[in-house]
1. Can you report the number of residues in segment 150-161 which are open to solvent by less than 80 Å² (accessible area, probe 1.4 Å) and out of contact with any helix residue (DSSP H, G or I) (no Cβ under 9 Å at 6 or more places or on another chain)?
2. Among the residues of segment 337-356, which ones are free of Cβ contacts under 8 Å to residues at least 24 places away in the same chain and in a loop (DSSP other than H, G, I, E, B)?
3. Between a residue in segment 162-191 that is touching a residue at least 40 places away in the same chain (Cβ under 8 Å) and surrounded by fewer than 13 Cβ atoms within 10 Å (Cβ to Cβ) and any residue that is assigned to a strand (DSSP E or B) and not aromatic (Phe, Trp, Tyr), which pairs come within a Cβ distance under 9 Å, given they are 6 or more apart or on different chains?
4. Could you list, ordered by first residue, the pairs with Cβ atoms under 8 Å in which the first is in segment 250-271 and at positive phi and the second is of a type in the set (Lys, Arg) and surrounded by fewer than 24 Cβ atoms within 10 Å (Cβ to Cβ), at least 6 apart or interchain?
5. Restricted to segment 357-387, and to residues that are in a strand (DSSP E or B) and over 25 Å from Asp293 (Cβ atoms), which residue is least open to solvent (accessible area, probe 1.4 Å)?
6. Taking Val204 as meeting all but one of (1) under 20 Å from the mean Cα position of the chain (by Cα); (2) within 16 Å of Phe145 (Cβ to Cβ); (3) aliphatic (A, V, I, L, M), write down the number of the exception.
7. Do we have Phe215 as open to solvent by 20 Å² or more (accessible area, probe 1.4 Å), under 28 Å from Lys156 (Cα atoms), aromatic (Phe, Trp, Tyr) and in contact with a helix residue (DSSP H, G or I) (Cβ under 8 Å, 6 or more places away or on another chain) here?
8. Please verify whether Ser331 is open to solvent by less than 10 Å² (accessible area, probe 1.4 Å) and in contact (Cβ under 8 Å) with a residue 24 or more places away in the chain, treating the condition exactly as stated.
Amino acid sequence: MAKKPYFSINMLEDSMENKNRKTFFMFLLAFLVAFFIVSFVEVLRSSFFPSGAPEIQTASAVSPEAMPGSFSDLTERVKPAVVNISTTKILKGRNGSGSPFGRSPFSGPFGDDFFERFFGDMPQRELKQRSLGSGFIISSDGYIFTNNHVVEQTDKILVKVSDGKEYEAKIIGTDSKTDIALIKIKPENNLPFVEIGDSDALRVGEWVIAIGNPFGLEQTVTAGIVSAKGRVIGAGVYDNFIQTDASINPGNSGGPLFNMAGKVIGINTAIVAQGQGIGFAIPINMAKSILDDLKTKGKVTRGWLGISIQNITEDIAKNINHKNKNGALVSDVFKGDPADIAGIKVGDIITEINGKPVKDTHELLLIIASLHVGEKATIKALRDGKEILFKIAVAERKDKHEIALTKKAGEYFGISVQEVTKDIAKQLEIPQDAGVIVTDIEEGSPADDVGIQPNDIIAQVNKIKITSIKQYNSEMNKATQKKGVMLLVKRGKANFFVGLHME
């Protein structure tokens, strides 16, 4: 039997040792590569996300509290303070003429007197016009908020409370400008009443519920969200509505709009006849601000500064080097009124009142309306780019005062003028040096578009007072070189600025 060669065993051992060494080095190499990759990634992460910086969180789903599964508990809690209001108005007319059309079908072109000569005096007949609305109790002794249009010009107001009892109500105070009314009943016992919220803190997207009497269907509850705030819908000077998609229908007027805390944040008031999911409510803070006046005076006394104002257009802003269109431009100051006494001048731009920013004339009107007569108001204004503070004692606004003057600004020149003669000054009851008078406007020009008319008086050109045609031509020549001009125009007793720009 042949012997196994010795060198083959040694070769086998060497081969195994080499294999183990190779495996070890491969493992070591893999470890080093992995360590290098991890270190490199860590360096990159540290570069983009410094130590101590918060980690980026992924978007989470809306919490269940934001999407209520039921409004039942809230409804049960607030419904007892909501009332139904029915009103009756007595219309008088002749027998046979007491129709909705208001006169006899026989009157025709001859009038009622023609038939009276033949048939004698016809007896008077009473017609009862009925309507429905809603309201909510704000105190245990029976004070109720509703809309002015629900109760105005009515002869009888009946209020049905949650337990079914009916009471005749008396009008305590009304304000047609905000469409708010305060009425009162005399209950047998203390009544449940609502908790008043803060409409300024209301956010778009919040859940709300409306309770009222739509189409005579008592205590109807609808739900939705706040769609927008500060809506201007053309209802009046003090438009500032909350828009909601909670269903509001005829009969809901005067009812409450609740937030999810069960607090009233609005008074349901208006609808868009051809729209779905578009209703409007008066902010409750507006009602709170006039409550004392309605209780004690039966009407609202509003603040008055004694100025005319207008919005700042792009052309006006460009001509006065105003960086944006924010603020209200003073176009007239009434002599002897608070603004005049305080030192406010035509051309000043009001930017703040009592720390509240003034974006435009509408916001200024709302702020002034909330001021109390006799209150000292702090007004911040810009004059030639410099800030000035004024302290003004607020006076009482009279209905005859028109504060807001809004005019459309043009882009081109197109105005013919002449001197104000003695005869013209006498006819228009103005000083002879009041400016120059417009004699003609080029048809179709932007000066025509802006609304400047013959017989208007141009009192200022780029804030320079005009007393003669020579001065007017000089200032307009300068303005032409700049391709823009701002004019102060006087029409009757009203003053307003216009900005003209040439392309």
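The values are calculated or read from the model by the stated rules, or taken from the named source; none is laboratory data. What you see is a predicted model; the values in this text were computed from it and never measured. A quick note on method: Cβ atoms are made from the backbone with ideal geometry, for glycine too, and the neighbour counts reach across all protein chains shown. SASA here: full protein model, heavy atoms, side chains in, ligands and nucleic acids out. Shrake-Rupley method; radii C 1.70, N 1.55, O 1.52, S 1.80 Å.
1. Narrowing segment 150-161 to residues open to solvent by less than 80 Å² (accessible area, probe 1.4 Å): 150-151, 154, 157-161.
From what is left, the residues that are out of contact with any helix residue (DSSP H, G or I) (no Cβ under 9 Å at 6 or more places or on another chain) are 150-151, 154, 158-160.
Number of matching residues: 6.
2. Matches in segment 337-356: Gly355 only.
3. Listed by first residue and then by second, the contacts come to Lys186/Glu168; Lys186/Lys170.
4. Within 8 Å, the pairs are Gly262/Arg77.
5. Step one: list which residues in segment 357-387 are in a strand (DSSP E or B), which gives 357, 376-383, 386-387.
Of the ones still in play, those that are also over 25 Å from Asp293 (Cβ atoms) are 357, 380-383, 386-387.
Details: Pro357: 93, Lys380: 47, Ala381: 2, Leu382: 36, Arg383: 56, Lys386: 146, Glu387: 125 Å².
Out of the qualifying residues, it is Ala381.
6. Result: Val204 fails condition (2) only.
7. Values: open to solvent by 20 Å² or more (accessible area, probe 1.4 Å): yes; under 28 Å from Lys156 (Cα atoms): yes; aromatic (Phe, Trp, Tyr): yes; in contact with a helix residue (DSSP H, G or I) (Cβ under 8 Å, 6 or more places away or on another chain): no.
Against the criterion (open to solvent by 20 Å² or more (accessible area, probe 1.4 Å), under 28 Å from Lys156 (Cα atoms), aromatic (Phe, Trp, Tyr) and in contact with a helix residue (DSSP H, G or I) (Cβ under 8 Å, 6 or more places away or on another chain)), Phe215 does not qualify.
8. yes
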